[in-house]
Every structure is written in C-alpha cells, then in structure tokens.
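Here is the structure we will look at.
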C-alpha cells in the first residue's frame, strides 16, 4: 500500500466501510445510515482507490470482504477505539462540564402504556453530578450501531443486531395482531378467509424493518404486498386507509374504531423490546444505573393487559 496520510474525508469513508462490513452488505448499510446505495458504492470505490486495495466482493455469490478488507476493517475498529480512549481522556479534563446522556428511541414507542421510559426517568436519581439527558428518535435499524459508535449511550430497539460490544436487557413485551380496516375494498374477502383454503393471498402492508417474529409470520401466510411502510406510523396509516391488512401493536390500533383484529396467528404476535448499551460502560455510572432502571421498570409491567379493539367475528 502506498504512503497514507489520514484526512477527515478518510475518517468518514472508513466509517462507511465499517458499516458495510457489519451490516453484511451495501444495501443494508445504506439503509441504516440513511443514505443512498450509490453513495455507499462511491465511498467504497474511493476508499479502495485511496488504499490501492480490493476490500469487498460483490456478485452472484453475495457480499464478502477480501483478506485485505478484513485487515483494514480490524485496523479501523482498533483505531476507532483509540479515538474513543482519547476522547474519554479529554473529557476527564472537563469534568466540570456535565456530559449529556444520549438516549435513542424509535417512533411510537412512548405511546405503548407498558413502555418503561417515562416511569424509569421519573425515578432515576442524578446523584451529586448534574447530568443532563438528550432524547432523540432514530430508525430502528440504526439504534444498535449508534450505540456501538458511541453516538448514543442507551438505545431502545426491537430489532437486535448481534454486535459483540453491546449488551441487551429485556425492557418490555409488545403485543401485536393482524388488522384490517372496514374501509379496505377486500374487507369481506379478508373476513371470509380461512387458513388452508385455496383463496387468493391476503392484501398486506409490509414493513421494511421486519423483526424475526414478523418474518416468521409472513413466511407462514399467503400474503400479497399492496403497500410498504418504513415506520410504524407508515404501516398504521396504510392499514387505516384500507390499503391492506397489516401487523400493528394493539395499543396503536386501539384508537381506530374501523380496525378489526384478525385471529391469525391465534396466539397473536409478541415482540421483545430491549435496552441496549455498550459492555464497557462503568457498572456504577449514571448510564448503567439508568439502563438498569429501564429494564427493572419494564419487568414490573411485563404482564401485558389486553387493549380493547374491535374483534373479528366469525360464524
């Protein structure tokens, strides 16, 4: 490799490369970072040209990294940790300036009556040091990576990414069901549908962020995607407008009198929400205390009450 002098542009592109490796592909990394696939492709091509190395393989065999790419990835991760250590040493010299605890949540989570965030914050004690909090809403696919990259201290997610540097604690369980609106043009057909019949597939509002539970359900049902939602709000909007059936949390569907819950699957769907932190946080620090509060309050409210919604009726 030619002589290499690091620049701010290189740092940004190296971060993109790390995301590509850890998301196992260009498309997933682009979605998590909220940028276009073409931008990710240009960045990786520029990095390969800059280093004079082939880093990734793409083709019919799927995505993979080359031995040189693996070496660059490992070196970049070590470099990022060194940068973090430097930032921590620098922060220690500014002890009089409180560092805000960064919390990341996903859309509509607060509307769930079993979400522990608000009651946990009420009982959290700041101690002698006047910590401040900064709470932001982020795409569900990005939460784990923002925590890993130290842009968030605590995250809430229902889509776990198995990253070795992260720790997960169960926060609460969210109950879901398959709903259809009375305004759906196929409402009568949907209501008459039965498992095992030869009828046509159900119109369905698909999610671009399916959890494992949703993916298993979708693979077991004859569904025809009629719309897509990039967030819970998007899915709820499409289902309420009658564009198709869709999986919704019971609490989110409850205010909509025209939504009817279908008994498929019979036991409903349960989605686990986790509190995610880095494993290297001080166990007696404010971040660890707050994360434990979130999980503890979640356990206290783990018995999920049934939310009233218009039930499906079958003869």
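Here the stretch 203-212 is the region considered, the condition is being surrounded by 17 or more Cβ atoms within 10 Å (Cβ to Cβ) and free of Cβ contacts under 8 Å to residues at least 60 places away in the same chain, and the residue that is farthest from residue 105 (Cα to Cα) is 203.
Look at (1) modelled with pLDDT of 85 or more; (2) within 23 Å of the chain's Cα centre (by Cα) and you find that residue 183 fails only one, number (2).
Residues in the stretch 230-240 that are at pLDDT 90 or above and surrounded by 19 or more Cβ atoms within 10 Å (Cβ to Cβ) were compared, and the one that is farthest from the chain's Cα centre (by Cα) is 240. Considering the stretch 186-222, the residues that are closer than 30 Å to residue 274 by Cα and at pLDDT 90 or above include one that is nearest to the chain's Cα centre (by Cα), namely 206. If the condition is being surrounded by 14 or more Cβ atoms within 10 Å (Cβ to Cβ) and either more than 21 Å from residue 28 (Cα to Cα) or outside the structural domain of residue 29 (by TED's automatic domain parsing) (or both), then the stretch 48-70 contributes 50, 51, 53, 68.
Does residue 256 count as in a loop (DSSP other than H, G, I, E, B), touching a helix residue (DSSP H, G or I) at 6+ places or on another chain (Cβ under 9 Å) and either without any contact (Cβ under 8 Å) to a residue 40 or more places away in the chain or buried (at least 16 other Cβ atoms within 10 Å of the Cβ) (or both)?
Details: in a loop (DSSP other than H, G, I, E, B): yes; touching a helix residue (DSSP H, G or I) at 6+ places or on another chain (Cβ under 9 Å): yes; either without any contact (Cβ under 8 Å) to a residue 40 or more places away in the chain or buried (at least 16 other Cβ atoms within 10 Å of the Cβ) (or both): yes.
Judged against the criteria, residue 256 is a match.
What about residue 123, is it under 24 Å from residue 104 (Cα atoms), modelled with pLDDT under 90 and either surrounded by 15 or more Cβ atoms within 10 Å (Cβ to Cβ) or in contact with a strand residue (DSSP E or B) (Cβ under 8 Å, 6 or more places away or on another chain) (or both)?
Taking the combined requirement at face value, the residue does not satisfy it.
Looking at 220, 200, just one residue is over 24 Å from residue 111 (Cβ atoms) and touching a helix residue (DSSP H, G or I) at 6+ places or on another chain (Cβ under 8 Å), and that residue is 200. Taken together, 194, 224, 160 contain a single residue that is in a loop (DSSP other than H, G, I, E, B) and in contact (Cβ under 8 Å) with a residue 12 or more places away in the chain, which is 160.
The values are calculated or read from the model by the stated rules, or taken from the named source; none is laboratory data. Please read these numbers as outputs of a predicted model, since none were measured by experiment. Reconstructed Cβ throughout: ideal geometry from the backbone, glycine too, with neighbour counts over all protein chains shown.
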